[in-house]
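K.L.:
Below are the structure tokens for one structure; questions will follow.
The values are calculated or read from the model by the stated rules, or taken from the named source; none is laboratory data. Just so it is clear, the model here is predicted, and its values are computed rather than measured. Here the Cβ positions follow ideal geometry from the backbone for every residue, glycine too, while neighbour counts run over all protein chains shown. Areas reflect the complete protein model, heavy atoms only, side chains present, ligands, DNA and RNA absent. Shrake-Rupley method; radii C 1.70, N 1.55, O 1.52, S 1.80 Å.
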Amino acid sequence: MPPNLTGYYRFVSQDNMENYLRALDINVALRKLVCLLKPDKEIVHNGNHMTIRTLTSLRNYIMDFDLGVEFEEDLGPVDGRKCQTIVDWDGDHLVCEQRGEKRNRGWKHWLEGDQLHLRMTAEDEVCVQVFQKVK
């Protein structure tokens, strides 16, 4: 049975965000700004429904979905694109596939103790973020 990711998580670290954003064609000024942000994550996991809120001082991004059901995701706040998205479990990893203009786009969330890990991919770039559960 997959873990329940419900909780509030504070940013701990990230690796390779600038190159990941470059792969998404984010302009240099916005890349520099985003690399300075320390987002929090709030996840509500209720059965097959999940809401993931990424909270920053610049803007928030809310992803609300049913597991295993494809939907059109508006990534306007991120990079101005729309894509076909599906999120489901692969063992104890929550895996998101985002099909659209960018090859190999998506992410994985998993827990290691009280730390939430996020691995984001776009093209050939990988960015890893770590968050600490605080409640």
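K.L.:
Checking the structure you have, find out if any residue of segment 27-45 is over 16 Å from the mean Cα position of the chain (by Cα), open to solvent by 40 Å² or more (accessible area, probe 1.4 Å) and either farther than 21 Å from GLU125 by Cβ or touching a residue at least 40 places away in the same chain (Cβ under 8 Å) (or both).
P.N.:
Checked against the condition, which is being over 16 Å from the mean Cα position of the chain (by Cα), open to solvent by 40 Å² or more (accessible area, probe 1.4 Å) and either farther than 21 Å from GLU125 by Cβ or touching a residue at least 40 places away in the same chain (Cβ under 8 Å) (or both), segment 27-45 yields no hits at all.
K.L.:
Name the residue that is farthest from the chain's Cα centre (by Cα), counting only residues in segment 13-26 that are assigned to a loop (DSSP other than H, G, I, E, B) and among the hydrophobic types (A, V, I, L, M, F, W, C).
P.N.:
In this case the residue turns out to be ILE26.
K.L.:
Kindly establish whether ARG10 is without any contact (Cβ under 8 Å) to a residue 24 or more places away in the chain, open to solvent by 50 Å² or more (accessible area, probe 1.4 Å), assigned to a strand (DSSP E or B) and under 15 Å from LEU118 (Cβ atoms).
P.N.:
No, not satisfied.
K.L.:
Tell me the residue from VAL34, VAL28 that is touching a helix residue (DSSP H, G or I) at 6+ places or on another chain (Cβ under 7 Å) and not acidic (Asp, Glu), please.
P.N.:
When all the criteria are applied, what remains is VAL34.
K.L.:
Is it fair to say ARG103 is open to solvent by 50 Å² or more (accessible area, probe 1.4 Å) and farther than 24 Å from ARG10 by Cα?
P.N.:
yes
K.L.:
Would you say ARG53 is open to solvent by less than 40 Å² (accessible area, probe 1.4 Å), under 12 Å from the mean Cα position of the chain (by Cα) and basic (Lys, Arg)?
P.N.:
The answer is no for ARG53.
K.L.:
Can you spot a residue in segment 13-21 that is closer than 21 Å to VAL128 by Cβ, crowded, with 16+ Cβ neighbours inside 10 Å and hydroxyl-bearing (Ser, Thr, Tyr)?
P.N.:
The answer is yes; a qualifying residue exists.
K.L.:
Moving on to the next point. Could you check segment 65-74 and list, in sequence order, the residues that are of a type outside the set (A, V, I, L, M, F, W, C) and either at pLDDT 95 or above or open to solvent by 40 Å² or more (accessible area, probe 1.4 Å) (or both)?
P.N.:
Those that are of a type outside the set (A, V, I, L, M, F, W, C) and either at pLDDT 95 or above or open to solvent by 40 Å² or more (accessible area, probe 1.4 Å) (or both): ASP66, GLY68, GLU70, GLU72, ASP74.
K.L.:
Yes or no: TYR61 at pLDDT below 95, of a type in the set (Phe, Trp, Tyr) and more than 16 Å from ALA122 (Cα to Cα)?
P.N.:
Criteria met by TYR61.
K.L.:
Being open to solvent by less than 40 Å² (accessible area, probe 1.4 Å), assigned to a strand (DSSP E or B), of a type outside the set (S, T, N, Q) and farther than 25 Å from ARG22 by Cα: is that true of PHE131 here?
P.N.:
It is false that PHE131 is open to solvent by less than 40 Å² (accessible area, probe 1.4 Å), assigned to a strand (DSSP E or B), of a type outside the set (S, T, N, Q) and farther than 25 Å from ARG22 by Cα.
K.L.:
Kindly check whether there is at least one residue in segment 111-119 that is among the acidic types (Asp, Glu), under 20 Å from ASN27 (Cα atoms) and assigned to a loop (DSSP other than H, G, I, E, B).
P.N.:
Checked segment 111-119: no residue is among the acidic types (Asp, Glu), under 20 Å from ASN27 (Cα atoms) and assigned to a loop (DSSP other than H, G, I, E, B).
K.L.:
Could you check, for segment 75-82, whether at least one of its residues is assigned to a strand (DSSP E or B) and at pLDDT 95 or above?
P.N.:
Within segment 75-82, none of the residues are assigned to a strand (DSSP E or B) and at pLDDT 95 or above.
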